[in-house]
Amino acid sequence: MAKKKEEAPKIVLERNYNIPLRIATLKSPFHKKAKKAISTVKIFIAKHMKTTDVKIGQYLNLKIWEHGMRNPPNMVKITATKDDKGVVFVELVGAPKPQPKVEETKKSGKKESKSERKIEAEFKEIKEEKLEKQVKAAKEEKAEEAKDIEKEEIKEMQKEHPQQQPPKAPPETKFQQQHQTAPKSL
């Protein structure tokens with residue numbers, strides 16, 4: 001028998017929810033708060049989407065565990081999608097959707113040989129080396145231009161302000177006056 005190609009499941013239902021997690025996590029001990037938040041999300045989705053098969057997305061999981069197990073967020077905005085098999089996938093609102101894996105094939109339909117891969121790798125290395133050389137050359141040119149500009153600015157400053165400065169006067173000695181002490185009483 002020939003194998004059938006597995007098709008991507010079709011989305012039957014898609015909804016957005018705000019799930020309150022504070023009530024559930026307040027009742028649990030510190031070392032179980034994030035776990036309780038995850039189970040609360042699963043229970044909430046199972047109730048509202050009428051299914052028991054719930055899958056939590058990567059970005060939602062990271063959001064709940066973001067500040068450690070003791071400090072999950074108080075509320076989470078999620079998007080729940082239910083497919084034709086009854087599986088519900090839960091992810092944060094605005095998170096990128098997972099792309100189905102597609103096998104890349106060349107136009108000619110031939111597989112690449114090892115020698116072709118080596119040639120392509122060498123070609124990439126040569127391109128990278130050329131780019132690095134161009135970048136270095138551009139940096140050197142800019143450095144030279146900056147030095148030239150700096151020299152010109154120094155010359156202009158010397159024209160405006162001559163280097164000869166008046167001689168410094170010797171520092172004057174400062175005498176401190178002493179206060180007279182009060183006469184001693186007899």
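The values are calculated or read from the model by the stated rules, or taken from the named source; none is laboratory data. The model shown is predicted, which means the values in this text are computed figures rather than measured ones. In this analysis, Cβ positions are derived from the backbone assuming ideal geometry, glycine residues included, and neighbour counts consider all displayed protein chains.
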Residue satisfying condition, being at pLDDT 75 or above and either among the polar types (S, T, N, Q) or closer than 30 Å to Ser28 by Cβ (or both), within set Val135, Val76
Val76
Among the residues of the stretch 21-58, count how many are surrounded by fewer than 16 Cβ atoms within 10 Å (Cβ to Cβ) and closer than 15 Å to Val93 by Cβ.
1
